[in-house]
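Undergrad: This is the structure I want to talk about, given as structure tokens.
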Amino acid sequence: MPRVLLSSLLIVLAVPAVADADAIPTAALAAIGDLGRLNGQALACGEMGSAGQAKLLMIRHAPKTRRYGEVYEERTNQAFLAQGGDLASCPSAADFASRLDDLSRRLQSLLPVAQTATQKPPTP
């Protein structure tokens, strides 16, 4: 009898953890993935200002969970490797700025952050 009770208790305790993992909005993960891709391409193209702004958006908007961090890192690495050393096909700084601005608005709608007096909004 105690084993049945213990097993039941463990199942009940495990269900909320599984439910929380499934509760991550797909649109939010997609936006973080797009941010990671932009970051990887910016790094490969030597656009350190754009890469820094992408990182700042990640820090400000993404919940501090393993899943969000993994998606960002995976997409960053994929984009960096895909761009390779082909600097001729790198987007312009203005293109990076425009993409960052679009992602900033998208992230604000999906994963809003309350502005405080000490925070500065990201500048593209």
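The values are calculated or read from the model by the stated rules, or taken from the named source; none is laboratory data. Worth saying up front: this structure is predicted, and the values here are computed from it rather than measured. When we count neighbours, we look across all protein chains shown, and the Cβ atoms used for this are built from the backbone with ideal geometry, even at glycine. The accessibility values were calculated without ligands, DNA or RNA, using every heavy atom of the protein model including side chains. Shrake-Rupley method; radii C 1.70, N 1.55, O 1.52, S 1.80 Å.
Undergrad: Show the residue pairs that are 6+ apart or on different chains and have beta-carbon atoms under 7 Å apart, the first residue being within the stretch 60-77 and open to solvent by 70 Å² or more (accessible area, probe 1.4 Å), the second being modelled with pLDDT under 95 and not in a helix (DSSP H, G or I).
TA: Pairs that qualify, where the first residue is open to solvent by 70 Å² or more (accessible area, probe 1.4 Å) and the partner is modelled with pLDDT under 95 and not in a helix (DSSP H, G or I), are 67/24.
Residue by residue, here is whether (1) aromatic (Phe, Trp, Tyr); (2) outside any loop (DSSP other than H, G, I, E, B); (3) under 25 Å from residue 26 (Cα atoms); (4) modelled with pLDDT of 90 or more holds:
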site	(1), (2), (3), (4)
76	no, yes, yes, yes
91	no, no, no, yes
96	yes, yes, yes, yes
101	no, yes, yes, yes
108	no, yes, yes, yes
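Undergrad: Exactly one condition in (1) within 15 Å of residue 46 (Cβ to Cβ); (2) surrounded by fewer than 15 Cβ atoms within 10 Å (Cβ to Cβ); (3) at pLDDT 95 or above is not met by residue 87; state its number.
TA: (3)
Undergrad: Could you list, in sequence order, the residues of the stretch 50-74 that are assigned to a helix (DSSP H, G or I) and either β-branched (Val, Ile, Thr) or touching a Cys at 6+ places or on another chain (Cβ under 8 Å) (or both)? Explain how you work it out, then say what you get.
TA: Of the residues in the stretch 50-74, the ones assigned to a helix (DSSP H, G or I) are 50-61, 66-74.
Answer for the stretch 50-74, where residues must be assigned to a helix (DSSP H, G or I) and either β-branched (Val, Ile, Thr) or touching a Cys at 6+ places or on another chain (Cβ under 8 Å) (or both): 59, 71.
Undergrad: Kindly establish whether residue 3 is at pLDDT 95 or above and open to solvent by 30 Å² or more (accessible area, probe 1.4 Å). Walk me through it before giving the result.
TA: Working: at pLDDT 95 or above: no; open to solvent by 30 Å² or more (accessible area, probe 1.4 Å): yes.
Considered against the rule, which asks whether it is at pLDDT 95 or above and open to solvent by 30 Å² or more (accessible area, probe 1.4 Å), residue 3 comes out as no.
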